[in-house]
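Structure first, then comments.
The values are calculated or read from the model by the stated rules, or taken from the named source; none is laboratory data. The structure displayed is predicted, hence computed values, not measured ones. Note that each Cβ is placed from the backbone with ideal geometry, even for glycine, and that neighbours are counted across all protein chains shown.
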């Protein structure tokens, strides 16, 4: 197991720069940033602040939208999603800590569409790792980690934010 605390804020600073460029290029005004519970919320709040986005970040809990819900069950502390602004016709910046198979992002998009039809959804992730099962691609990436099947990365936080890489036997 290895933990790295120094680089997380620097990674999010780089993401903020990428996001600002994306917003300018696409001419997206006042986007709604939504973080996926839990690590995505931490990254979304920091990314919003560093990018100068004024709208409060939304919080998405996708527990009921997961395709493995019947296998893993529900965690006893599932909290509801909190979207401070309507998503209808808004440009959404969906934020997660780790992009792996793409299934979490698919579940998040399903929930967002239950709230309305956004104008667009762009994906920002702190870590993009190998192992995609669905055709999901992030537009804003903090770091790409080509991990092996027995390696896992997790964001620890909220203070301080740290990346932890574990290897299972």
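May I ask you to verify whether residue 11 is within 12 Å of residue 155 (Cβ to Cβ) and surrounded by fewer than 23 Cβ atoms within 10 Å (Cβ to Cβ)? Steps first, please.
Working: within 12 Å of residue 155 (Cβ to Cβ): yes; surrounded by fewer than 23 Cβ atoms within 10 Å (Cβ to Cβ): yes.
For residue 11, the condition - within 12 Å of residue 155 (Cβ to Cβ) and surrounded by fewer than 23 Cβ atoms within 10 Å (Cβ to Cβ) - is met.
Each row is one residue, and each column tells you yes or no for (1) over 23 Å from residue 12 (Cβ atoms); (2) touching a strand residue (DSSP E or B) at 6+ places or on another chain (Cβ under 7 Å); (3) surrounded by fewer than 13 Cβ atoms within 10 Å (Cβ to Cβ).
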site	(1), (2), (3)
96	no, yes, no
111	yes, yes, no
122	no, yes, no
134	yes, no, yes
147	no, yes, no
152	no, yes, no
157	no, no, no
162	no, yes, no
169	yes, no, yes
All but one of (1) within 24 Å of residue 139 (Cβ to Cβ); (2) assigned to a helix (DSSP H, G or I); (3) at pLDDT below 95 hold for residue 64; state the number of the condition that does not hold.
(1)
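One line per residue, one yes/no per condition, for (1) under 21 Å from residue 164 (Cβ atoms); (2) modelled with pLDDT of 90 or more; (3) out of contact with any helix residue (DSSP H, G or I) (no Cβ under 6 Å at 6 or more places or on another chain):
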| residue | (1), (2), (3) |
| --- | --- |
| 72 | yes, no, yes |
| 76 | no, no, yes |
| 81 | no, no, yes |
| 112 | no, yes, yes |
| 138 | yes, yes, yes |
State yes or no: is residue 35 part of a strand (DSSP E or B) and either modelled with pLDDT of 95 or more or crowded, with 23+ Cβ neighbours inside 10 Å (or both)?
yes
Determine the pairs where a residue that is within 21 Å of residue 89 (Cβ to Cβ), located within segment 100-118, has a partner that is part of a helix (DSSP H, G or I) with Cβ atoms under 7 Å apart, the partner being 6 or more residues away or on another chain.
110/65; 111/65; 118/112
